[in-house]
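Data block below; observations after.
The values are calculated or read from the model by the stated rules, or taken from the named source; none is laboratory data. Note that the structure is a prediction, hence the values are computed from the model and not measured. When we count neighbours, we look across all protein chains shown, and the Cβ atoms used for this are built from the backbone with ideal geometry, even at glycine.
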Amino acid sequence: MSQTSTQNPLTVDVGEVATAQPCTLVIFGGSGDLSHRKLLPALYNLALDGVLPTNFAVLGFAMDDYDDERYRAFAHDGVAKFSRRPIDEQHWLDFQRALFYVRGRFDDGAAFQGLKRRLEEIEPKFGIPGNRIFYLAVPPSLIRVCVQQLHAAGLVNREGEGPFTRIIVEKPIGHSLASAREVNATLARVFDERQIFRIDHYLGKETVQSLMVVRFGNSIFEPLWNQKYIDHVQISVAEEEGVGTRARYYEEAGALRDMVQNHILQLLCVTAMEPPWSMNADVVRDHKIEVLRCLRPLTGKDVETHVVRAQYGPGYHHGVAVPGYRREEGVKPDSTTETYVALKVFVDNWRWAGVPFYLRTGKRLPKRASEIAVQFKPVPEILFNLNPDAPLQPNVLALRIQPDEGLSLRIATKRPGPKVRIWPVRMDFRYDTTYGDQTPEAYERLLLDVMAGDATLFMRRDGVEASWTWIDTILDAWARSGARWLPEYPAGTWGPLEADRLIESDHREWRTL
């Protein structure tokens, strides 16, 4: 596949890029792991790119005993270790002057008054007109108390009532449909829906955004994007690591809640949605929600035949012996929490009727990789496909989300020589070789969108609740089954035999990532 330069005169800019507005970003949990590994490095890279607003500051709010200088040292360490680009000390000196910290408990009203006073000190120095973004990088159990304290301290302006106030909420949004509704109701009592940004970092990845361009910016694909030409779709999210230090959270969540309910269903929506008539945030999200509403519910026997769950057992990770899930610290010895799940699902509408979507995700798999693969129907068994013992490989369009971001298209070609020998080749596009610079991290795009007030890549309340409505039926069936054990797969393998049987019973097979 030809590698077109970004300087190509045929490059097209679609619409205007929303501009980040002057604001203060307040990070609740500002001294936590998410801030250290993702948020602060993302902000630093945005500063390097010159796209942060001129009038901008960051205020970390957490329990750790930091002051401004210690917080800047904490941020420097995170940027040095986790930034996609090496830290530039000269740029760092300019960036760090906008970093501040205030210590306090999330349930302490006096601490929120201190937060308010600190904002009122910082904002005039940076020419910030009172615009504020509150990022809740905290456990879900703390969302309610943070929102209540913000309201009680007078730190929230309703939409259109003076300087803007926006709030970013990390997933998971709830633990079930009922708890998601409770979280959403808590937010709605204080914020208007347009002020709420429910973040899923997968939607900020360049390759996920690129899928819409591939579909709707190329006339060769969209006419084929339906049940007449597509055999099936596979969406895979594989993780190398085990549960690690997240055992307490993971025991309550599991792979279905942790990955399928948000990340994978969102990828499914982008893959299956109808063409939106504009890139307006609500237009795009309306079309995604239609996919969720068309998902065939899995209940009763359907859960037994269409869903596989399992746990990783003892095995090897890069040649090092690792324990099984039930031997991990913090995991109950008799746990039935799934670390792997595979599903066969259907989108019951005219476009996708009868086309199976195979979804899978798991921990302690051989590599970290995420991919959406669209497999087209095989060519007829005539001409070049006459040998039933060696059928032609079907065309596959694969979008690699991570790592090695890009896409490939498998096609059949004639191998050189006097005989007609068919050989599959892969036309490959890679972001790094085409565009040079490292692909921006998802949080960079998402933080910038919040500063600009663009909610296109964020989940709306009805979307969150629609996904939980579908997931809850599976959870209910599992709860009724009373299972006391789950199948195991050795750590470092691609999952349980039951998952292979799920797809092989349809005469298909999982792709090698």
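Report those strands (runs of 3 or more DSSP E) wholly inside segment 260-358 carrying at least 1 residues which are over 30 Å from ALA479 (Cβ atoms).
Per the criteria, 315-317, 320-322.
Answer yes or no as to whether LEU343 is in the same structural domain as TYR250 (by TED's automatic domain parsing), touching a Phe, Trp or Tyr at 6+ places or on another chain (Cβ under 7 Å) and either at pLDDT below 90 or aliphatic (A, V, I, L, M) (or both).
Working: in the same structural domain as TYR250 (by TED's automatic domain parsing): yes; touching a Phe, Trp or Tyr at 6+ places or on another chain (Cβ under 7 Å): no; either at pLDDT below 90 or aliphatic (A, V, I, L, M) (or both): yes.
It is false that LEU343 is in the same structural domain as TYR250 (by TED's automatic domain parsing), touching a Phe, Trp or Tyr at 6+ places or on another chain (Cβ under 7 Å) and either at pLDDT below 90 or aliphatic (A, V, I, L, M) (or both).
Against the condition over 22 Å from HIS175 (Cβ atoms), touching a Lys or Arg at 6+ places or on another chain (Cβ under 8 Å) and aromatic (Phe, Trp, Tyr), how does TRP510 come out, does it pass?
Working: over 22 Å from HIS175 (Cβ atoms): yes; touching a Lys or Arg at 6+ places or on another chain (Cβ under 8 Å): yes; aromatic (Phe, Trp, Tyr): yes.
So TRP510 passes the test.
Residue pairs whose Cβ atoms lie under 6 Å apart, separated by 6 or more positions or on different chains, with the first residue in segment 476-505 and of a type in the set (D, E, K, R) and the second surrounded by 12 or more Cβ atoms within 10 Å (Cβ to Cβ), are GLU488/GLN311; GLU488/GLY313; GLU498/VAL308; GLU498/PRO487.
Of ASP258, ASP200, ASP231, ASP192, which residue is acidic (Asp, Glu), farther than 23 Å from ARG368 by Cα and in contact (Cβ under 8 Å) with a residue 60 or more places away in the chain?
Working: ASP258 fails: farther than 23 Å from ARG368 by Cα; ASP200 fails: farther than 23 Å from ARG368 by Cα; ASP192 fails: in contact (Cβ under 8 Å) with a residue 60 or more places away in the chain.
From the options ASP258, ASP200, ASP231, ASP192, the qualifying one is ASP231.
The number of residues in segment 397-442 being among the aliphatic types (A, V, I, L, M), touching a residue at least 60 places away in the same chain (Cβ under 8 Å) and part of a strand (DSSP E or B) comes to 7. Note on segment 150-166: residues that are out of contact with any Cys (no Cβ under 9 Å at 6 or more places or on another chain) and outside any helix (DSSP H, G or I) total 11. Considering only residues in segment 173-189 that are under 30 Å from GLY154 (Cβ atoms), without any contact (Cβ under 8 Å) to a residue 60 or more places away in the chain and surrounded by fewer than 19 Cβ atoms within 10 Å (Cβ to Cβ), the one that is farthest from the chain's Cα centre (by Cα) turns out to be ARG189. Screening ARG445 on (1) surrounded by fewer than 18 Cβ atoms within 10 Å (Cβ to Cβ); (2) assigned to a helix (DSSP H, G or I); (3) among the charged types (D, E, K, R) shows it passes everything except condition (1).
For (1) modelled with pLDDT of 95 or more; (2) more than 28 Å from the chain's Cα centre (by Cα); (3) assigned to a strand (DSSP E or B), each residue gets a yes or a no:
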{"residue": "VAL17", "(1), (2), (3)": "no, no, no"}
{"residue": "THR24", "(1), (2), (3)": "yes, no, yes"}
{"residue": "LEU40", "(1), (2), (3)": "yes, no, no"}
{"residue": "LEU46", "(1), (2), (3)": "no, no, no"}
{"residue": "GLY50", "(1), (2), (3)": "no, no, no"}
{"residue": "PRO53", "(1), (2), (3)": "no, no, no"}
{"residue": "LEU59", "(1), (2), (3)": "yes, no, yes"}
{"residue": "LYS81", "(1), (2), (3)": "no, no, no"}
{"residue": "TRP92", "(1), (2), (3)": "no, yes, no"}
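Pick out the one residue from ARG105, ARG117, ARG70 that is basic (Lys, Arg) and in a loop (DSSP other than H, G, I, E, B).
Details: ARG117 fails: in a loop (DSSP other than H, G, I, E, B); ARG70 fails: in a loop (DSSP other than H, G, I, E, B).
On inspection, the qualifying residue turns out to be ARG105.
Filter segment 359-395 down to residues that are among the aliphatic types (A, V, I, L, M) and part of a strand (DSSP E or B) and give me whichever is farthest from the chain's Cα centre (by Cα). Before the answer, list the steps.
Taking segment 359-395 as the starting set, the residues that turn out to be among the aliphatic types (A, V, I, L, M) are 359, 365, 369, 372-374, 379, 382-383, 386, 390, 392.
Now drop any that are not part of a strand (DSSP E or B), which leaves 359, 369, 372-374.
On the way: LEU359: 15, ALA369: 13, ILE372: 13, ALA373: 17, VAL374: 19 Å.
By that ranking, first place goes to VAL374.
The residues of segment 41-97 that are of a type in the set (Ser, Thr, Tyr) and surrounded by 13 or more Cβ atoms within 10 Å (Cβ to Cβ), listed by number, are TYR44, TYR66, TYR71, SER83.
Selection over segment 247-257 of residues that are surrounded by fewer than 23 Cβ atoms within 10 Å (Cβ to Cβ), of a type outside the set (Lys, Arg) and either out of contact with any Ser or Thr (no Cβ under 6 Å at 6 or more places or on another chain) or farther than 18 Å from TYR340 by Cα (or both) gives a count of 5.
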